[in-house]
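The values are calculated or read from the model by the stated rules, or taken from the named source; none is laboratory data. Here the structure is a predicted model, which is why all the values come from computation and not from measurement. All Cβ positions, even for glycine, are placed from backbone atoms using ideal geometry, and neighbour counts span all protein chains on display. SASA here: full protein model, heavy atoms, side chains in, ligands and nucleic acids out. Shrake-Rupley method; radii C 1.70, N 1.55, O 1.52, S 1.80 Å.
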Amino acid sequence: MFGKEIAAEIFIKNSWMIYRILFAGYMCVLAIMDIRSKRLNLPVLLSGSVLVAAGASCDRDIPLAVLAAGGAVGIAFLLMSRVTKEAFGYGDSILIVIMGSFLGCWNVLSVLMTAFFMAAVFSVFMLISKKFNRKSAFAFVPFLTAAYIGGMIFGVY
């Protein structure tokens with residue numbers, strides 16, 4: 001009985017870190033899926049909402065309005081997907097809704113800025129090496145994953 005109480009106390013004190021690590025694993029699964037098939041399985045993608053709900057139960061200093069605004073950032077990307085006829089995929093946009101609801105507005109904007117910068121550097125490199133042309137498409141979730149994990153390692157959130 002004593003060991004269970006200690007384990008529960010450790011889990012409660014470190015729950016936000018545990019959920020961030022689980023979210024990183026979820027992101028890695030999606031990144032692999034996006035690289036292999038350039039499509040995201042909707043049930044796997046939506047399973048991230050369980051982590052969002054669990055993360056909301058943690059004792060964090062992020063107001064609910066900031067978390068909702070993070071989801072709204074993703075909704076703006078869903079609208080962009082619609083307007084551009086999915087030049088930016090719906091799966092990527094749904095993932096941004098989930099990430100925004102998990103991290104909050106400012107943190108998801110930080111992740112997006114980093115991911116877009118890494119994608120731009122990758123694109124320039126591929127264009128210079130003549131492996132891509134201007135119409136080439138590539139998976140974006142790996143950049144989101146790298147930006148999320150990088151931010152987690154460097155303590156951004």
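Helices from the chain with mean Kyte-Doolittle at least -1.0 and a Cα length along the axis of 15 Å or more, per DSSP H: which?
Sorted by number, the helices that extend far enough and score high enough are 2-13, 15-37, 64-83, 90-103, 105-128, 141-153.
Take the Cα of Ser49, step 7 Å along the line toward its Cβ, and report every residue of the range 92-107 whose backbone nitrogen sits under 11 Å from that point.
98
Pick from Phe132, Phe143, Phe77: which is most flexible by mean-square fluctuation in a GNM of the chain where alpha carbon atoms under 10 Å apart are linked?
Judging by the Gaussian network model, the answer is Phe132.
Among Ile75, Ile94, Ile128, which one moves the most in a GNM of the chain with springs linking Cα atoms closer than 10 Å?
Comparing Ile75, Ile94, Ile128 in the GNM, the peak value goes to Ile128.
Test of understanding: extend the Cα→C-beta vector of Ile12 to 7 Å, then name every residue of the range 32-58 with backbone N under 15 Å from that spot.
57-58
Using a 1.4 angstrom probe on heavy atoms only, work out the carbon and sulfur share of the accessible area of the chain in %.
Solvent-exposed carbon and sulfur of the chain make up 70 percent of the total.
Counting heavy atoms of the protein chains only and a 1.4 Å probe, report the per residue accessible area for the chain as a whole number of Å².
That works out to 61 Å² per residue.
What's the ranking of 116-123, 17-24 by average number of surrounding C-beta atoms within 10 Å, highest first?
Listed from highest to lowest mean packing, they are 17-24, 116-123.
Could you tell me how many cubic angstrom of Cα convex hull volume the range 33-87 has per residue?
That works out to 99 Å³ per residue.
Which of Thr84, Thr145, Thr114 ends up with the largest GNM mean-square fluctuation for the chain, with Cα atoms connected below 10 Å?
Of Thr84, Thr145, Thr114, the most mobile in the Gaussian network model is Thr84.
Kindly give the semi-axes, whole Å and largest first, of the ellipsoid equivalent to the chain, taking each as the square root of 5 times a Cα gyration tensor eigenvalue.
Equivalent-ellipsoid dimensions as semi-axes: 31, 17, 14 Å.
Quick one: if you stick a label point 7 Å off each Cα along the C-beta vector at Lys135 and Ala76, how many nm between them?
In this crude label model, Lys135 to Ala76 measures out at 3.1 nm.
Need the C-alpha centroid separation for the range 44-72 versus the range 99-157, integer Å.
Rounded to whole Å, the Cα centres lie 21 Å apart.
Using a Förster distance of 22 Å, how high is the FRET efficiency between Trp106 and Asn41, based on the Cβ-Cβ distance and rounded to 0.05?
Once rounded, the FRET efficiency stands at 0.15.
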